[in-house]
Amino acid sequence: MVKAVLTISSKNYGAWALRGWLMAKLAGLTFTEYTISPDDPAMKAEMLLLSSSMRVPSLDHDGVHVWDTLAIGEYLNEIKPKAGLLPADRAARAHCRAICGEMHSGFSAMRSSLPMNIKAHYPGFKIWSRAQTDIHRITDIWQECLAKYGGPYLFGAKPCMADAMFAPVVTRFTTYDVMLDDACTAYCTTIMALPAMKDWVAAAKAEPDEIDELDAEF
């Protein structure tokens, strides 16, 4: 059996780590987790949004080393095509890639002002205007996909790469008490109910509080 190792960071704070990990789970890949230390510069770069080319998470599989979450997703789709990480329909597949790319490269205001912190909860959190613009765009994407493909996931009946890309946003909206319409609220509930997400959240809540600078309120 080919061994796979997925290198990740903190489960409480690591948005990119969650994306790569969830993709691997959705693909059905059997892998060993390797978690880098909170003191590792690569981890802090990811957590504090200081790196534009992050190498966490990274996947080692069958002699292949791949980093960058989109690249991991594409690789997993190649080795596990039946898992449906990308839609079978060509147009839907292009749409999925487009919104994954938008999440990958955009929404910096939302990501920096609402950092992922699963253990925290800030009711009534004041969201600044640029972050709210990002939130409006994200909910527009969700509403369009849910209406076009029928839900309960962004591209239909099964979770795919797009759902993994937006999963950390779902946790942020919960942490910062973001007001959503009924369709987006239901989508968030659906994502958080995934068995893999429940496992991730449980592990995140069990982590020690070691990264003090990430607990600052924005």
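The values are calculated or read from the model by the stated rules, or taken from the named source; none is laboratory data. Bear in mind the structure is a predicted one, so any value in this text is a computation, not a measurement. In this analysis, Cβ positions are derived from the backbone assuming ideal geometry, glycine residues included, and neighbour counts consider all displayed protein chains.
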### Neighbours by Cβ (under 6 Å, 6+ apart or cross-chain): first from region 122-135, closer than 16 Å to Gly106 by Cβ and in contact (Cβ under 8 Å) with a residue 24 or more places away in the chain; second outside any helix (DSSP H, G or I) and not β-branched (Val, Ile, Thr)
Asp134/Phe107
### Query
Out of all the residues in region 1-22, which are out of contact with any Pro (no Cβ under 9 Å at 6 or more places or on another chain) and in a strand (DSSP E or B)?
Ala4, Val5
### Message
Of the conditions (1) over 18 Å from the mean Cα position of the chain (by Cα); (2) closer than 23 Å to Val201 by Cβ; (3) among the charged types (D, E, K, R), Lys119 satisfies every one except a single condition; which number is it?
### Response
(1)
### Message
Pull out all pairs, ordered by first then second residue, where Cβ-Cβ is under 7 Å, the residues are six or more apart or on different chains, the first lies in region 87-104 and is touching a residue at least 40 places away in the same chain (Cβ under 8 Å), and the second is among the β-branched types (Val, Ile, Thr) and assigned to a helix (DSSP H, G or I).
### Response
Ile99/Ile141; His104/Thr69
### Query
Taking region 98-140 on its own, how many of its residues are crowded, with 18+ Cβ neighbours inside 10 Å and not small (Gly, Ala, Ser)?
16
### Task
For Ala203, indicate whether it is of a type in the set (Gly, Ala, Ser) and more than 15 Å from the chain's Cα centre (by Cα).
yes
## Note on the structure
Of those in region 149-165 that are assigned to a helix (DSSP H, G or I) and touching a strand residue (DSSP E or B) at 6+ places or on another chain (Cβ under 7 Å), the residue surrounded by the most Cβ atoms within 10 Å (Cβ to Cβ) is Asp163
### Message
If the requirement is being outside the structural domain of Ile141 (by TED's automatic domain parsing) and out of contact with any strand residue (DSSP E or B) (no Cβ under 9 Å at 6 or more places or on another chain), which of these qualifies: Glu78, Glu102, Glu74?
### Response
Glu78
## Note on the structure
Among Leu22, Leu48, the single one that is surrounded by 14 or more Cβ atoms within 10 Å (Cβ to Cβ), touching an Asp or Glu at 6+ places or on another chain (Cβ under 9 Å) and modelled with pLDDT under 90 is Leu48
### Summary
Subset of region 164-181, residues closer than 15 Å to Trp21 by Cβ and in contact (Cβ under 8 Å) with a residue 40 or more places away in the chain, comes to Ala164, Met165, Phe166, Ala167, Pro168, Thr171
### Message
List the residue pairs whose Cβ atoms are under 7 Å apart, where the first residue sits in region 182-203 and is within 26 Å of His136 (Cβ to Cβ), the second is among the small types (Gly, Ala, Ser), and the two are 6 or more positions apart or on different chains.
### Response
Ile191/Ala167; Met197/Ala167
### Looking only at region 25-45, and only at residues there that are part of a helix (DSSP H, G or I) and among the small types (Gly, Ala, Ser), the one that is modelled with the highest pLDDT
Ala27
### Task
Kindly list, by first and then second residue, each pair from a residue in region 15-33 that is not assigned by TED's automatic domain parsing to the domain that holds Met116 to a residue that is modelled with pLDDT under 95 and aromatic (Phe, Trp, Tyr), limited to pairs with Cβ atoms under 9 Å and residues at least 6 apart or on different chains.
Gly20/Trp67
